[in-house]
Amino acid sequence: MDAAPTILAIDPSRDDADMLRFALVDGGVDARGFAWVADLDAARAAVGERRPEALLCRLRLAGQSIAQQVAAVRALCHDCPVVFYTEDDDQDGVLHALRAGASDCLTRGEVPMRLAWALRTAAERETHRSQHLRAAAQDRRTESLGAIGRLAQGTALEVNNALAVAGSALGELSAATGGLPRELLDRVALADAAIDRVRAAMETLVAVGQSAPLKAENIHLQTFLDGVMPMVSREAGAGVNIDRWLLPGLPPVRFDRAALTQIFVHLGALAGAAMPEGGDLMIRGRLDPAGQAIVLTASDTGAAPTAAQVRAAHQPFTPLHGDSGPGLARIHGLLAQSGGALNVELPREGGTRMVLRLPVGTETARAAADPREVPRAGGETVLVVEDEPALRRLLGSALREAGFEVLAAADARTAVRTARSAPQLDLVLSDMILPGGRVDSLVHILREAHPGVPIVFMTGQIEYPALPSAARGAPVLRKPFRLSTLLRTVQDQLKR
């Protein structure tokens, strides 16, 4: 049997409290959960032990104005109905109570006939009011996140273009032979890893601010975790020690990089909420027996939630631990969109274990290649179309060093003139946003001058526009990218 609703009456007189209870029973209200206290101090103690579903209170308690009393009673339980009652000749008090925010206010003579009805009506109004407030809060949050997303998109474009220049310069340094001491090469590698972290942070910022379509790619978890762990540690807090171990030789997962970053940052926040005083977060990874998914577990040593809290936390904006902190809805949604899954286990020894299944990537042999291995070319001609001068120069230099003949253009018009005058053109490497013309028009003209020429696109935007119809399926490199990734992509397109 469901528990009866808790109704708390605040009245110095026990007889008057009994009158209220009898009026509720006569009106068909289940009053088995009825409780009585004599004053506001006792009411605060009672609410602290068990939250009521409705409050009944005598108006004009000693020592407070009506406005003060209504505010004090409202503060006991912000989202439950509060019905006051007063003497028959206190019409002025009724008006003041309603103006001060009471759900309803009855005179003593109205209590026997109208109290049950007033309580039900007040409960309905309070429900509608709470729903309206939640909806308004969600609208404000959506609007704020949208503004953040728009700002982040513009910022990401500039930041990623700058990172692409820095990454390309570092790539040339690391590829140099005989001129760099080992110590300097180690520092180049550290700077390269820092670029990956900045890119991941930008993608996460953009993804938080908008519901962007996911773009899956093959991701090596070991390398990925190296870049994202500082953000996870920051979310978990200084007192949380993170220990991670992945089974060696795991294949890559097929996932959106920004979404995967969000998931791990969210796991860090969950660990911090579970262990506010500190503890251990253990991340483990293995391949499932069928070889179709990588199973990741994130186990903490904090206080375990109840099964009911776990179920509730799958709803939006419902925290897993206590009254604040993150829930599970965001992780569950991101995993579900990419063919993954989330299961929450509550081990007997305590703590919480998050079990994530991530789909294994395709083309595992190609993805498993050394990401810094630079393939060599055989003299093919590549047209580089990029409006950022420093990046255009660095890309051209890297392609020439790899054995390509390079033509360069800063805008769409120059690219068209260059392509039409070139006797041979084996591939076009082009930014997706160009001054002097639309990229789809550029593709059409390039294909007229050099039928079937493959095109590789670059972009500094997190959410890039749709590919031109004439170049559907063309690869898109997100800036910043490693020069080895660029050269391998170019070679793959030339082999087709």
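The values are calculated or read from the model by the stated rules, or taken from the named source; none is laboratory data. What you are looking at is a predicted structure, and each value in this text was computed from that prediction instead of being measured. Glycine gets a Cβ as well: all are built from the backbone with ideal geometry, and neighbour counts include every protein chain shown. Accessible surface areas use protein heavy atoms only, side chains included; no ligands, DNA or RNA. Shrake-Rupley method; radii C 1.70, N 1.55, O 1.52, S 1.80 Å.
The figures follow:
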| read-out | value |
| --- | --- |
| Residues located in segment 333-352, provided they are buried (at least 17 other Cβ atoms within 10 Å of the Cβ) and modelled with pLDDT of 85 or more | Leu335, Gly340, Leu342, Val344, Gly351, Thr352 |
| Neighbours by Cβ (under 7 Å, 6+ apart or cross-chain): first from segment 485-496, assigned to a loop (DSSP other than H, G, I, E, B); second buried (at least 16 other Cβ atoms within 10 Å of the Cβ) | Arg496/Pro454 |
| Scope segment 15-39; condition of a type outside the set (Gly, Ala, Ser), surrounded by fewer than 18 Cβ atoms within 10 Å (Cβ to Cβ) and within 20 Å of Leu76 (Cβ to Cβ); matching residues | Asp16, Asp39 |
| Condition met for Phe224 (part of a helix (DSSP H, G or I), under 15 Å from Leu358 (Cα atoms), open to solvent by less than 30 Å² (accessible area, probe 1.4 Å) and touching a residue at least 12 places away in the same chain (Cβ under 8 Å)) | yes |
| Segment 448-463 residues that are surrounded by 17 or more Cβ atoms within 10 Å (Cβ to Cβ) and modelled with pLDDT under 85, paired with ones that are in a loop (DSSP other than H, G, I, E, B) and among the basic types (Lys, Arg) (beta carbon under 8 Å, 6 or more apart) | Thr459/Lys479; Gly460/Lys479 |
| Residue within segment 250-267 that is part of a helix (DSSP H, G or I), at pLDDT below 90, closer than 20 Å to Arg353 by Cα and in contact with a Leu (Cβ under 7 Å, 6 or more places away or on another chain) present | yes |
| Within segment 353-363, tally of residues that are open to solvent by 20 Å² or more (accessible area, probe 1.4 Å), assigned to a loop (DSSP other than H, G, I, E, B) and at negative phi | 1 |
| Qualifying residues in segment 375-405 (those that are without any contact (Cβ under 8 Å) to a residue 24 or more places away in the chain and more than 22 Å from Asp440 (Cβ to Cβ)) - the one least open to solvent (accessible area, probe 1.4 Å) | Gly396 |
| Looking only at segment 70-117, and only at residues there that are free of Cβ contacts under 8 Å to residues at least 24 places away in the same chain and within 21 Å of Val47 (Cβ to Cβ), the one that is surrounded by the most Cβ atoms within 10 Å (Cβ to Cβ) | Ser103 |
| Scan of segment 200-221 for residues that are at pLDDT below 85, touching a strand residue (DSSP E or B) at 6+ places or on another chain (Cβ under 7 Å) and buried (at least 18 other Cβ atoms within 10 Å of the Cβ), ordered by number | Ala216 |
| Among (1) open to solvent by less than 10 Å² (accessible area, probe 1.4 Å); (2) modelled with pLDDT of 90 or more, the one test that Ala408 misses | (1) |
| Some residue of segment 311-323 being modelled with pLDDT under 90 and among the charged types (D, E, K, R) | yes |
| Odd one out for Ala377 among (1) hydrophobic (A, V, I, L, M, F, W, C); (2) at pLDDT below 80; (3) not in a loop (DSSP other than H, G, I, E, B) | (3) |
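A quick yes/no check of all residues on (1) touching a helix residue (DSSP H, G or I) at 6+ places or on another chain (Cβ under 7 Å); (2) farther than 14 Å from Leu356 by Cβ; (3) in contact (Cβ under 8 Å) with a residue 12 or more places away in the chain; (4) open to solvent by 20 Å² or more (accessible area, probe 1.4 Å):
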site	(1), (2), (3), (4)
Gly237	yes, yes, yes, yes
Val240	yes, yes, yes, no
Arg244	yes, no, yes, yes
Leu247	no, yes, yes, yes
Gly272	yes, yes, yes, no
Gly278	no, yes, yes, yes
Gly285	yes, no, yes, no
